[in-house]
Amino acid sequence: MGPSHTYYLRGCALTTYDKYETPFGDLVVDKATTTELQQKGLALIPRQRDVDEHSLEMHLPYLWKRLEQTFGNDGSKFPTIVPILVGDGSADNEKAFGTLLAPFLREPTNAFIVSSDFCHWGSRFGYRPRYSNGAVRNLDSRGTSGDLKVDTEALEKTTGLEPPIHEVIRVLDEMAMDAAKTGAHSNFYEVVQSTENTVCGRHPIGVVMAGLEVLAKEGLEEGKGRFRFIQYQRSNLVKRTSDSSVSYASAFAVV
């Protein structure tokens with residue numbers, strides 16, 4: 001599952017291709033599952049948009065190598081894939097798609113992979129929050145104040161009264177990660193909305209969280225169905241407003 005970068009999409013859409021090519025070999029699409037999901041209401045990705053989109057294809061060479069470690073060199077023995085592009089949507093939309101996908105999350109032979117960066121900071125992203133006079137404001141906000149809902153007390157406690165921009169980025173990302181770790185879809189959705197954090201895969205993450213929440217209500221072992229974060233990095237430790245940075249985080253959940 002990945003976010004749509006090349007066209008405006010509302011909800012979820014499926015590939016119409018039979019295979020995805022990687023430098024090592026082709027990964028085969030599970031046509032039976034894509035047909036079933038289309039019958040349940042998912043749209044189809046326009047073919048050229050599918051070709052143009054990078055959020056799905058960038059993961060596939062790495063997926064091939066991981067599958068090779070498990071299943072050997074014969075690609076015909078690899079599991080099939082179900083590429084799903086996820087576009088814009090309200091909290092209720094995400095919950096609806098999460099509920100639809102919950103039975104697939106429950107199936108122990110399935111693995112869901114979500115493609116997402118975290119904070120995109122810089123003028124080219126239209127998002128440059130920085131700390132000033134006790135508040136975090138987006139320099140590129142079209143609103144009157146640009147104030148974002150950020151725990152400035154925690155920020156000041158760990159970084160001092162004049163925290164650098166890269167520490168503001170860290171706090172914004174940690175708020176999103178902490179919300180994801182709660183297992184409550186509404187927590188993650190509300191944090192991303194209130195901070196306006198440019199998490200490009202916020203909707204795929206939200207859909208999966210909503211599905212995991214359905215499974216949790218049906219009964220899961222303690223600690224299962226919640227994300228655990230194992231890595232966090234920033235491409236640049238931003239100090240100047242002319243700088244830019246993209247954050248990266250890795251997490252997993254087991255049901």
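The values are calculated or read from the model by the stated rules, or taken from the named source; none is laboratory data. A quick note: this is a predicted structure, and the numbers were derived from the prediction, not measured. Cβ placement follows ideal geometry from the backbone for every residue including glycine, while neighbour counts extend to all protein chains displayed.
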**Asked** Among the listed residues ALA91, ALA102, ALA32, which satisfies the condition of being at pLDDT 95 or above and either in contact with a strand residue (DSSP E or B) (Cβ under 9 Å, 6 or more places away or on another chain) or buried (at least 16 other Cβ atoms within 10 Å of the Cβ) (or both)?
**Response** ALA102
**Item:** Qualifying position, being under 23 Å from ARG128 (Cβ atoms), in a helix (DSSP H, G or I) and in contact (Cβ under 8 Å) with a residue 40 or more places away in the chain, among SER247, SER194
**Value:** SER194
**Criterion violated by HIS120 - all others in (1) in contact with a strand residue (DSSP E or B) (Cβ under 8 Å, 6 or more places away or on another chain); (2) surrounded by fewer than 17 Cβ atoms within 10 Å (Cβ to Cβ); (3) not β-branched (Val, Ile, Thr) satisfied** = (2)
**Asked** Does ALA135 satisfy being touching a residue at least 40 places away in the same chain (Cβ under 8 Å), in contact with a helix residue (DSSP H, G or I) (Cβ under 8 Å, 6 or more places away or on another chain) and either over 28 Å from LEU37 (Cβ atoms) or surrounded by fewer than 20 Cβ atoms within 10 Å (Cβ to Cβ) (or both)?
**Response** no
**Asked** Taking the range 47-58, which residues are out of contact with any Pro (no Cβ under 7 Å at 6 or more places or on another chain) and surrounded by 15 or more Cβ atoms within 10 Å (Cβ to Cβ)?
**Response** ARG49, ASP50, GLU53, GLU57
